[in-house]
Amino acid sequence: MASPLSLFMPINPGVNLQQMAAGLGQMSEQLNQALTQVGTVHYARILLLDRSTPNLQPNPSDPSQDYVLAIITEYDGSFEKYISDFVARVGKIFDALLVFVVGGAALIPVVDHQDAFLAYIKANDASQDPAESGQQLYEAYTNTVQSLLALGATPPVGNAAPPASGSSSSSSPVQS
């Protein structure tokens, strides 16, 4: 059974979005490999949202100071184990990302601030306690990433890690 993570992190005012997007783009292959190594991630995506627009879509011709970086994933296992795996495999990428988000600087490096990082994610995860909030995650299948790989599924072509390690998918944030 998969679990959702819907992490919404407000961007610091004045951040150069092109610089942030370029940095994330440069880490895309490293991120895909790290998520594959975690071995429990079904899907992962990064979105840039603009709270000042009705449809939340950033408008490059009219930039705002109300951006949110969303990291949305589906994973196997417990939340705490997933975040622990994230710190071990994706921590350095989060270090580079957290410089852009409100409250993020106090969490760098995440490997040295694991409890605070876990608390930050819980506080900014819209998927926490889905039963209490009425949210549900539809699942077309209940297989884990590892059981799918054992059945012969293969990770996307863009991932360089061997299929036995896990599977993931990710995209770069919207550039503005």
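Count, please, the residues in region 99-130 that happen to be assigned to a helix (DSSP H, G or I) and within 12 Å of Phe8 (Cα to Cα).
5
Kindly provide the set of residues from region 1-21 that are assigned to a helix (DSSP H, G or I) and either without any contact (Cβ under 8 Å) to a residue 60 or more places away in the chain or crowded, with 16+ Cβ neighbours inside 10 Å (or both), ordered by number.
The answer is Leu17, Gln19, Met20, Ala21.
If I ask for residues that are without any contact (Cβ under 8 Å) to a residue 24 or more places away in the chain and among the hydroxyl-bearing types (Ser, Thr, Tyr), which ones from region 40-71 would you list?
Ser52, Thr53, Ser61, Ser64
Looking at the structure I just gave you, is Ala131 out of contact with any Ser or Thr (no Cβ under 8 Å at 6 or more places or on another chain) and at pLDDT below 85?
yes
With respect to Met27, determine if the residue is in contact with a Phe, Trp or Tyr (Cβ under 8 Å, 6 or more places away or on another chain), of a type in the set (A, V, I, L, M, F, W, C) and buried (at least 16 other Cβ atoms within 10 Å of the Cβ).
no
Anything in region 60-98 that is part of a loop (DSSP other than H, G, I, E, B) and within 27 Å of Tyr138 (Cα to Cα)? List them, or say none.
Gly77, Ser78
Could you tell me which numbered condition Gln37 fails, if it satisfies all but one of (1) surrounded by 20 or more Cβ atoms within 10 Å (Cβ to Cβ); (2) assigned to a helix (DSSP H, G or I)?
In the conditions (1) surrounded by 20 or more Cβ atoms within 10 Å (Cβ to Cβ); (2) assigned to a helix (DSSP H, G or I), Gln37 misses (1) alone.
For the list (1) out of contact with any strand residue (DSSP E or B) (no Cβ under 7 Å at 6 or more places or on another chain); (2) in a loop (DSSP other than H, G, I, E, B), I need the number of the one condition that Gln57 fails.
Condition not satisfied by Gln57: (1).
Considering only region 64-89, how many residues are over 21 Å from Ser147 (Cα atoms), modelled with pLDDT under 90 and either in contact with a Ser or Thr (Cβ under 6 Å, 6 or more places away or on another chain) or buried (at least 21 other Cβ atoms within 10 Å of the Cβ) (or both)?
Number of matching residues: 1.
Pull up region 48-63, narrow it to residues that are charged (D, E, K, R) and loosely packed, with under 14 Cβ neighbours inside 10 Å, then point me to the one that is nearest to Gln128 (Cα to Cα).
In this case the residue turns out to be Arg51.
The values are calculated or read from the model by the stated rules, or taken from the named source; none is laboratory data. Note that the structure is predicted; figures quoted are calculated from it, not measured. Every residue, glycine among them, receives a Cβ derived from its backbone with ideal geometry; neighbour counts consider all protein chains shown.
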